Amino acid sequence: MSTYALAVTQEGQVFIWGTGGSVGAVVSGRLSISPQLLEAVPTSTPIKDISCGLGHSLFLTAKGQVWAWGNGGNGRLGLGDVYDRNEACMISSLASEVVVTVQCGASHSLALTDKGQVSTNYR
């Protein structure tokens, strides 16, 4: 099981601590009690919102892009498959939307648009 916490700084960097589980958040299966920069997230655009699910996470960039990372079981990453991702991947199906916030549940992901529409698992 993956048990970790994420935090985003005012500058838009993402830090992680805890155990990485199957997707190697920091070091697979090892405990890290000190926050470390999460290198799986692209650093070219600051992150403005994050959410953690059960072994997966969503990242909303300052440019409005949504990126998914971690356990892909049940299609929870919204990438159209069930594969795990060690590197965050942009969810292209949301590229034409203005996403204002993201949320993860145990096995699902949600995105709220500026029009008040909720997209789940982005299909």
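The values are calculated or read from the model by the stated rules, or taken from the named source; none is laboratory data. Here the structure is a predicted model, which means the values were calculated and not measured. Reconstructed Cβ throughout: ideal geometry from the backbone, glycine too, with neighbour counts over all protein chains shown. Accessible surface areas use protein heavy atoms only, side chains included; no ligands, DNA or RNA. Shrake-Rupley method; radii C 1.70, N 1.55, O 1.52, S 1.80 Å.
The table below gives the values:
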{"item": "Single residue of 42, 35 found to be under 15 Å from the mean Cα position of the chain (by Cα), surrounded by fewer than 17 Cβ atoms within 10 Å (Cβ to Cβ) and closer than 21 Å to residue 15 by Cα", "result": "42"}
{"item": "Of residues in the stretch 1-12 being part of a strand (DSSP E or B) and small (Gly, Ala, Ser), the one modelled with the highest pLDDT", "result": "7"}
{"item": "Any hit, the stretch 13-26, residues being open to solvent by 60 Å² or more (accessible area, probe 1.4 Å) and modelled with pLDDT of 90 or more", "result": "yes"}
{"item": "Residue tally, condition open to solvent by less than 40 Å² (accessible area, probe 1.4 Å) and either of a type in the set (Val, Ile, Thr) or touching a Pro at 6+ places or on another chain (Cβ under 9 Å) (or both), over the stretch 71-89", "result": "1"}
{"item": "Members of the stretch 90-101 that are surrounded by 15 or more Cβ atoms within 10 Å (Cβ to Cβ) and among the small types (Gly, Ala, Ser)", "result": "93"}
{"item": "Single residue of the stretch 102-114 satisfying the filter (more than 10 Å from residue 58 (Cα to Cα) and within 12 Å of the chain's Cα centre (by Cα)) that is most open to solvent (accessible area, probe 1.4 Å)", "result": "108"}
{"item": "Condition check for residue 72: out of contact with any Cys (no Cβ under 6 Å at 6 or more places or on another chain) and either under 16 Å from residue 106 (Cα atoms) or at pLDDT below 90 (or both)", "result": "yes"}
